[in-house]
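The values are calculated or read from the model by the stated rules, or taken from the named source; none is laboratory data. From a predicted model like this one, the values you see are computed outputs, not experimental measurements. Cβ placement follows ideal geometry from the backbone for every residue including glycine, while neighbour counts extend to all protein chains displayed.
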């Protein structure tokens, strides 16, 4: 009986197979090698022999491994009767290590979901958690003959709960599992951004630019609102926030195509400064600061009445400027013009 948190291995097999990539934690370093715990196999003990630590001559073992550090290794030998598991760090290539980290991350996410479900259902025994694994995660793994196949099917269950219907689960257990999956695996929104240059030196000038930007914004949908902001004439930035990375890229590319077609019909020019890409939080914060700074500068210019008539700029030429800002609802901010 478990006195605390319930535990279970990630896969139905109780021991890893030879040549399998596994994630281990270094527990103890001895003259003959390092004792490790296999994280995906309920922390059973294994060992990395000294000769399997590195392909090069070992000058300092502490530079290769440290107690408490996680390492991606290859299983060399398994004796399930005696419980011996020999592992190799030197046989794991950089590509192998990347695959191992990805595999462990997926398995760990599934393990977290199922342990939380077990806790909410007030399970007391490790074998109850193992039964939950058998009827859910391992069910999909065996069906598709691949470890962690359940991860992709759990993700599909976020949008389509019927995915879990084939699992031999009680209705109550199924509902608790579905709620936990939706909480843990719901996709995070991503922001797509592209920078473009739009200018027009013909008679229509700014009107042509506004019309082109509005055509781009018109590509917005109820799920994805496209925004267009002026950075500095003639550079504009298109952004969209979406749950689907592929759909977001397609929407921004479509908007760019509409803007290009419209401005070129008016005799203007279009240039892609930065192709559509997913921006991270740091990029987003930097962009927000940039917009705030530009807004402050615009306010300062608007409040300066010292310019003489000779310093006024005819905005209708559209040479360096255009619409100041356009929002995701399709309304371009109007810019006052002086005759």
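Restricting the search to strands (runs of 3 or more DSSP E) fully inside the range 215-308 and requiring at least 1 residues that are loosely packed, with under 14 Cβ neighbours inside 10 Å and at pLDDT below 95 gives 227-232, 269-279.
Of all the residues that make up the range 116-132, how many are crowded, with 19+ Cβ neighbours inside 10 Å and within 26 Å of the chain's Cα centre (by Cα)? Residues that pass the stated criteria total 1. In the condition set (1) out of contact with any helix residue (DSSP H, G or I) (no Cβ under 8 Å at 6 or more places or on another chain); (2) surrounded by 11 or more Cβ atoms within 10 Å (Cβ to Cβ); (3) part of a helix (DSSP H, G or I), residue 40 is compliant with all but (1). Against the test of being farther than 30 Å from residue 132 by Cα, modelled with pLDDT of 90 or more and either assigned by TED's automatic domain parsing to the domain that holds residue 115 or touching a helix residue (DSSP H, G or I) at 6+ places or on another chain (Cβ under 7 Å) (or both), the options 29, 58, 48 yield a single qualifying residue, 29. Looking at residue 86, is it surrounded by 14 or more Cβ atoms within 10 Å (Cβ to Cβ) and closer than 27 Å to residue 133 by Cβ? The answer is yes for residue 86.
Residues that are closer than 30 Å to residue 106 by Cβ and over 20 Å from the mean Cα position of the chain (by Cα): does the range 179-189 have at least one?
There is at least one residue in the range 179-189 that is closer than 30 Å to residue 106 by Cβ and over 20 Å from the mean Cα position of the chain (by Cα).
In this structure, residue 99 does satisfy being assigned to a helix (DSSP H, G or I) and under 30 Å from the mean Cα position of the chain (by Cα). Taken across the range 28-36, residues that are without any contact (Cβ under 8 Å) to a residue 60 or more places away in the chain, farther than 30 Å from residue 186 by Cα and within 32 Å of the chain's Cα centre (by Cα) do occur, with at least one present. Being in contact with a helix residue (DSSP H, G or I) (Cβ under 9 Å, 6 or more places away or on another chain) and either assigned to a strand (DSSP E or B) or not assigned by TED's automatic domain parsing to the domain that holds residue 110 (or both) is not true of residue 177.
Within the range 195-214, the set of residues being under 27 Å from the mean Cα position of the chain (by Cα) and buried (at least 22 other Cβ atoms within 10 Å of the Cβ) comprises just one member, 196.
Condition check ((1) touching a helix residue (DSSP H, G or I) at 6+ places or on another chain (Cβ under 9 Å); (2) surrounded by 16 or more Cβ atoms within 10 Å (Cβ to Cβ); (3) over 22 Å from residue 16 (Cα atoms)) across all residues:
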position: 94; (1), (2), (3): no, no, no
position: 102; (1), (2), (3): no, no, no
position: 107; (1), (2), (3): yes, yes, no
position: 160; (1), (2), (3): no, no, yes
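Look at (1) touching a helix residue (DSSP H, G or I) at 6+ places or on another chain (Cβ under 9 Å); (2) farther than 16 Å from residue 13 by Cα; (3) assigned to a loop (DSSP other than H, G, I, E, B) and you find that residue 122 fails only one, number (1).
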